[in-house]
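Here is the structure we will look at, set down as structure tokens.
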């Protein structure tokens, strides 16, 4: 546990600077930190649903980013973090567009017309989408077995959540918004995991929040001018969780876990998220929880465990002949 905490709190997190325990090609500390991040994110959909009872979706989606940006700005200033350089700003923009702007706003609007447990149906695609984005963006090359298990896990998560939500016939237009949220989140997660290896986990999300803060502040101000927020204490508490944990602290663990990586495999921990989300929805919102839900959740968790145990294909080592030729070229 001490080793895990030291990895989590390290300012400049990099998978190349630490040597955590490796389990079947995956760093154990990356998995535990990823699980901690998923546990924090699993409450996002239920608490968004709670907050929507008294607050508008625009205020929730943008306002929580403003709260997180204030915390991020203070953390960056107090620790005197150096400014990102060059192309890092463009990559931070991708992170901000995905996890600060796209995912929160799209899910907030989608949940105005669909229950929290139903939102888990489409969001269950996020692990596979994140793995795909990591492969397209990075240099990770999972073997075919990984993709087969990932596809099976995504299918299990969708079937599990769909049965709980009332069947596939319950899907409607709000799922288009959720699909957009999945695409945005996957891009932000994959790019953020790569960038965290250079800037650090909490630094990456902090710079993304600060970069997006002018736009999110403007959206919040516009919504407050049209409809002054008025909510019960429980709804404000849910909003506070979204701003402090879902938009800020949760990413400390999540991006650190992805940075330790491999991203494609650590991201499969998210398969557990719909299970946790539906359990939280049952506990906090009174939505039904049956034995089929429990059994389906076990199947999803087993799929996630199988996915993270598949070894990545190792990078081919340069041959002796190739190395000799390279050295000869340098000498010439």
| task | Look at residue 62 and say whether it is modelled with pLDDT of 90 or more, buried (at least 18 other Cβ atoms within 10 Å of the Cβ) and closer than 23 Å to residue 187 by Cβ. | result | yes
| Those residues of the stretch 207-231 which are within 25 Å of the chain's Cα centre (by Cα) and buried (at least 18 other Cβ atoms within 10 Å of the Cβ), in sequence order | 207, 208, 209, 210, 211, 212, 213, 216, 219, 220
| said: Any residue at all in the stretch 203-222 that's touching a helix residue (DSSP H, G or I) at 6+ places or on another chain (Cβ under 9 Å) and modelled with pLDDT under 90? | reply: no
| request: Sort out which residues of the stretch 259-290 are on the phi > 0 side of the Ramachandran plot and at pLDDT 75 or above, and write them in order of number. | output: 286
| message | Being surrounded by fewer than 24 Cβ atoms within 10 Å (Cβ to Cβ) and assigned to a helix (DSSP H, G or I) is the filter here; which residues of the stretch 232-245 pass it? | response | 233, 234, 235, 236, 237, 240, 241, 243, 244, 245
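The values are calculated or read from the model by the stated rules, or taken from the named source; none is laboratory data. On a predicted model such as this, the values are computed, not experimentally measured, just so you know. Because the Cβ atoms are built from the backbone with ideal geometry, glycine has one as well, and the counts that use them run over all protein chains shown.
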